[in-house]
Amino acid sequence: RGQTSARSDIYSLGLILFEVFTGKPAHDASSLPELQRLHEDSSSARNPSDIVDDIDPAVERAISRCLSSDPSLRPRTASELAASLPGGDPLAAALAAGETPHPEIVAMSGDSNPLPLKTALSLLALFLVGLLIYMVGRQNLDSINAIEPFLSPEVLTYRAQNVLKQLGYERSALTGDFAFGFDNIEIQHENKRIAKRLGYENWPTQGFWYRETPTEFQSDTLGLSLGNEGPGEVGFWYPAWTLAEMHGVKLDNAGNLRWFQAIPPLALNDIQVAQPAWSEWFSEDLVGFRLSDLEPQIPRVAPPVIYDHYQAWHGKWPNTEQPLLVVAASFQGHPVYFEILAEPTHRTTEPSFTETESAGLNVTVVMLWLMLSVAGTLVIRNVYSRRWDRRGVWRLARIVFLLFLFSVLVNAHHTWSAWEFGLLINCLAMALFHTCWIVVHYVALEPTVRRYWPEALISWARLFGGRIADAKVGSAILEGAVMGIGMSLCLLGPSFADADFQYTHGSGRFFGAVHSIGLAFESVSGAVAACIPAAFTLTVVSIILRSKVYALVFVVLFYGTVQSLFSPWDVYLWPINYLQIGFIALAFRKNGLLSAMSAVFVFWLAASIFTIDPTRPYFSGCMVNVVILLALVTFAFVSALGGWQKLFRPQRAIWQY
């Protein structure tokens, strides 16, 4: 009934296909009026499987769609029908039908041809050459490699314990606890800003802190507090300096005292307070200069601890013109505070936000809640409509949870006490929260990418479908690794643009191989968490602009601008930020989500490789990252080729494949 169209021809073609595959007509009618009535009622059409037992389900689905009484449900074209038949392209058929393709259909689509040997070797060579250039460049450009001497954490710990002992504070071997680390990134930035001032060129930019307490350190944070990166981690300010008889020091890399603080015991002594022995307490072998060579002056700021004597001195560093300002305090005849200041009003205090940073934090929190609300709505919609990748989600959740749990357990401060059980609960809670955050966004966003940009998920779907050594998976990781090393080479740019540029370093890299492995595992889940929202943004923009190329340009400009806002005064960093985002976009465009994640992971891991000098105490941590990168790229290279046998075929020359 009604006007004829291409869908009418599709219906007729369905009738023919029914008879071709079953040998019988779709409708069993004894008269023409009865046949017309049966044609109008789609439910009267027999199923091909009722007649032929071993018919292919794909064929039956295609015929049933052709015979639908609603023309809008039929294939729109003959090519769409052909794609849905065995031997066709099921991904194209699903997209043509306006459906979200199943993850298995995405995984089966695309070619599985290995990379040509010449191409694979070229990519491998690009990666190795880029990594070598980057490592040599960081060795020569990173200012940390110029610090002499750079003592190991073990030596600095021994030195810190001796300093405290000389000041009259000795740790109890039975009940006490200690923790140590290097300055966090915020303090490193502050020290480097001071070092750029005229006269402060020798200001130490990398410091070492050491703390002791009469009981076990119990970090009561889940890793969400300012200055603390994970559950159970003990930092310079966490837990807070509130416990009596807690004390600690800061040393420079030569082992000289730069800061000291002690919380007095609760019990007060009924003694006459004597004049503090400043020069005896803070002797030259502790601080590197003599207090007697400096001029006393009235202090401009109060110390952060209780005191009954407070003194300040000013002068110059020995054998330099660098200004020197020192403050010290004592209480009941014992030293409780010492610090070398960069200016009269400067003092080491607990980190806090400026008004601008607080506003930025508030905006970030609002955006995160908004994103979570939208993601939650999409999760309900996708789960209800069964569009989510159930198997992939559970595999992703298990992998992310285990990797993140290992990383936080490695970085946590462990004690032989009942607190360890609470610490384990905190680590499990943080790992579970991190996993849920990624899973919620994945379930919310992945079906949209799979519907509108499915080719970006082919290698990802194969990886999570168990085809780990698939050639498509290997080529995606290999090409992403090349893009990641390109991003890493961009890190060398600031040193050429600004001679005073100085890198910052996470303290975990100074503590050996295990901490480096933990941070590498954390980088895997971090790369997943970073790339999934970016892929969703790219997909949505491509739908709005109706162009994937324009969407890539928009994403590069958007994320590059956001990244540049974190360093508004360092204009020379802006082009580098855009270039790095461009590498990620190129990886996504060429080989999809898995390639972009590979690029981000390689970049984060390479950023922590900053020495090739085996005499440096942080050499082992850097080399662990090198080994992980080489293992990843070797696996990707072999998989992309389709196996080792491709390298050992003697019939033709190696460059003829």
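The values are calculated or read from the model by the stated rules, or taken from the named source; none is laboratory data. Because the structure is a prediction, the values reported are computed rather than measured. Glycine gets a Cβ as well: all are built from the backbone with ideal geometry, and neighbour counts include every protein chain shown. Please note that ligands, DNA and RNA were not included when accessible areas were found on the heavy atoms of the full protein model with its side chains. Shrake-Rupley method; radii C 1.70, N 1.55, O 1.52, S 1.80 Å.
Placing +1 on the Cβ of every Lys and Arg and -1 on the Cβ of every Asp and Glu, with no other charges, gives segment 107-175 a dipole of roughly 100 debye about its Cα centre.
Just check segment 120-187 against the gyration tensor rule for me: Cα atoms, a ≥ b ≥ c as the square roots of the eigenvalues, rounded for a/c under 1.5, and otherwise prolate or oblate depending on whether a/b exceeds b/c. Because a/c hits 1.5 or more and a/b exceeds b/c, segment 120-187 counts as prolate. Put simply, the amide H of Asp177, placed in the peptide plane, has neighbours under 5 Å in Thr213, Thr215, leaving out anything fewer than 5 places away on its chain. Past the 32 Å Cα-Cα mark, which pairs from Lys165/Lys316; Lys192/Lys548; Lys165/Lys196; Lys196/Lys590; Lys472/Lys548? Table pairs above 32 Å Cα-Cα are Lys192/Lys548; Lys165/Lys196; Lys196/Lys590. Using the Cβ-Cβ distance between Thr377 and Ser547 with R0 set to 41 Å, the FRET efficiency works out to roughly 0.90. Subtracting the Cα-Cα distance of Val305 and Thr242 from 0.36 nm times their residue separation leaves 21.7 nm of extension gain. Extension gain, Tyr452 to Leu128: 0.36 nm times the residue separation minus the Cα-Cα distance gives 113.1 nm.
For Leu341, the residues whose modelled amide H falls within less than 5 Å of its own, excluding neighbours fewer than 5 places apart on the same chain, are Leu325, Val326, Val327. 7 Å from Cα along Cα→Cβ at both Ser69 and Asp9: what's the point-to-point distance in nm? Label at Ser69, label at Asp9, 2.6 nm between them. Scanning residues 5 or more positions from Gln297 or on other chains, those with amide H under 5 Å from its amide H are Ala312, Trp313, His314, with H placed 1.01 Å from N in the peptide plane. Rounded if a/c is under 1.5, else prolate if a/b beats b/c, else oblate: with a ≥ b ≥ c from the C-alpha gyration tensor eigenvalues square-rooted, which is segment 373-485? Here segment 373-485 falls in the oblate category.
If you average the sequence gap of Cα pairs under 8 Å that are 6 or more apart and divide by the length of segment 439-520, what percent do you get for the contact order?
Values: 22 pairs, mean separation 8.7, N = 82.
It rounds to 11 percent for segment 439-520.
If the label point is 7 Å along Cα→Cβ of Glu99, which residues in segment 378-415 have backbone nitrogen under 13 Å from it? Under 13 Å, as judged by backbone N against the label point of Glu99, lie 387 of segment 378-415. Karplus-derived 3J(HN,Hα) values for segment 581-588, using 6.51 cos²θ - 1.76 cosθ + 1.60 with θ = phi - 60°, are 5, x, 4, 5, 4, 5, 4, 5 Hz; glycine and proline are entered as x. A simple spin-label model places the labels of His334 and Ser112 7.2 nm from each other, with each point 7 Å out along Cα-to-Cβ. By definition, a body whose alpha carbon gyration tensor gives a ≥ b ≥ c is oblate when a/c is 1.5 or more and a/b is not larger than b/c, and segment 496-547 fits this oblate description.
Counting only protein heavy atoms and using a 1.4 Å probe, what share of the accessible area of segment 432-530 belongs to carbon plus sulfur, as a whole percent?
Numbers: 2040 of 3060 Å².
Ligands and nucleic acids excluded, carbon and sulfur give 67 percent.
If the chain linking Ile51 and Asp613 were pulled fully straight, counting 0.36 nm for each residue of separation and taking away their Cα-Cα distance, it would gain 194.7 nm.
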